[in-house]
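Presented below is the structure to which this report refers.
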Ligand SMILES: [Zn+2]
């Protein structure tokens, strides 16, 4: 668990700083229930862009917790363990939303469900995302059938597969609604992954938008209109050049990033056009270049956005 003291105070309002500090301190001492705090919580679980496992940041994932129900958005490497570090009990898992079928967003999709079951999950989990989510889920259970059968028979666990309800999404619009939240999806621009989605969560007390991976997109602007928080992918151009010089597929990788992601300056433009209160830079590219400081990320987005800017850190509660 990182301390807020590691972040520049300038990026937080005093109220946010106090709120984050209180939230982190509380999370460190006690598990949910969230209802005790009566607030929809967003926790960044993994803030680095790209599938390569790293020390500095986990794979892409966020969780929104409302009234003891966990809504996970993306399942990059390490998502189950990051939930544990965030003190979100795994049996609270209720919904999983996948933005697109890149491995830094899906690597631990099946593992999250499977490991939550070993941690005591006994209730329905609905999963939402682009095809082939149904086939992925079926093949995952088939691949791990030996363990699942053994634990069901030997440890008295309820069968896992019937708990999981898969919903493949191909179009934008309202995804689902329950007593806690309404979830809406927009199609975003992340070639060659079609469809790729951004998701908006409208809870009673706040609205949160997760862009997923996308080039600068008017559909994100539309989806995020008036939202309290926009979590947006971001790259830092000068450092992308440094990043790609280290790999043999430099030219292709750089072109892929430029075609399918959003510069920090453009995330500010999107946030400004949408009129959001807080912009969270996440899915950072590069994810671990010490030469790109928080102040540099903020300065890039500040050039185009007048609201609050937060540089995403794993386990930061917003
Ligand atoms: Zn992607």
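Of the residues that make up region 247-255, is at least one outside any helix (DSSP H, G or I), within 16 Å of the ligand (Cβ to nearest atom) and more than 17 Å from residue 200 (Cα to Cα)? Step through it out loud before you land on a result.
Initially, region 247-255 is screened for residues outside any helix (DSSP H, G or I), giving 247-249.
The next check asks that each one be within 16 Å of the ligand (Cβ to nearest atom); those that pass are 249.
Remaining after also requiring more than 17 Å from residue 200 (Cα to Cα): 249.
Within region 247-255, one or more residues are outside any helix (DSSP H, G or I), within 16 Å of the ligand (Cβ to nearest atom) and more than 17 Å from residue 200 (Cα to Cα).
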Checklist line | Residue list for region 190-212, filter: farther than 15 Å from residue 128 by Cα, within 16 Å of the ligand (Cβ to nearest atom) and crowded, with 23+ Cβ neighbours inside 10 Å | finding: 190, 211
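A quick yes/no check of all residues on (1) in contact (Cβ under 8 Å) with a residue 12 or more places away in the chain; (2) outside any strand (DSSP E or B):
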residue: 84; (1), (2): no, yes
residue: 87; (1), (2): yes, yes
residue: 99; (1), (2): yes, yes
residue: 104; (1), (2): yes, yes
residue: 110; (1), (2): yes, yes
residue: 115; (1), (2): yes, yes
residue: 126; (1), (2): yes, no
Notebook entry, point to check: Among the listed residues 187, 223, 230, 258, which satisfies the condition of being in contact with a strand residue (DSSP E or B) (Cβ under 7 Å, 6 or more places away or on another chain) and either modelled with pLDDT under 95 or within 16 Å of the ligand (Cβ to nearest atom) (or both)?
Noted result: 187
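Give 101, 82 a once-over and let me know the one that is within 16 Å of the ligand (Cβ to nearest atom) and either under 24 Å from residue 166 (Cβ atoms) or surrounded by 24 or more Cβ atoms within 10 Å (Cβ to Cβ) (or both). Explain how you work it out, then say what you get.
Details: 82 fails: within 16 Å of the ligand (Cβ to nearest atom).
Exactly one residue qualifies, and that residue is 101.
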Next item on the list: Tell me which of these residue 259 doesn't satisfy, since it passes every other one: (1) touching a helix residue (DSSP H, G or I) at 6+ places or on another chain (Cβ under 7 Å); (2) surrounded by fewer than 18 Cβ atoms within 10 Å (Cβ to Cβ); (3) touching a residue at least 60 places away in the same chain (Cβ under 8 Å).
Entry: (1)
Check: Could we say that residue 284 is within 16 Å of the ligand (Cβ to nearest atom) and not in a strand (DSSP E or B) here?
Finding: no
Check: Going by the conditions given, is residue 174 without any contact (Cβ under 8 Å) to a residue 24 or more places away in the chain and away from the ligand (no atom under 16 Å from the Cβ)?
Finding: yes
Notebook entry, point to check: Can you spot a residue in region 41-53 that is closer than 16 Å to residue 212 by Cα and either out of contact with any strand residue (DSSP E or B) (no Cβ under 8 Å at 6 or more places or on another chain) or part of a helix (DSSP H, G or I) (or both)?
Noted result: yes
Check: (1) over 18 Å from the mean Cα position of the chain (by Cα); (2) within 16 Å of the ligand (Cβ to nearest atom); (3) modelled with pLDDT of 95 or more: which one isn't true of residue 243, the others all being true?
Finding: (3)
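When region 143-182 is examined, which residues are found to be assigned to a loop (DSSP other than H, G, I, E, B) and under 26 Å from the mean Cα position of the chain (by Cα)? Working first, answer last.
From region 143-182, those assigned to a loop (DSSP other than H, G, I, E, B) are 144, 156-160, 169-172, 178-180; that's our starting set.
Hits for region 143-182 are 144, 160, 169, 170, 171, 172, 178, 179, 180.
The values are calculated or read from the model by the stated rules, or taken from the named source; none is laboratory data. Everything numeric here is computed off the predicted structure, so don't read it as measured data. Methodologically, a virtual Cβ is constructed for each residue, glycine included, from the backbone with ideal geometry; neighbour enumeration extends over all protein chains shown.
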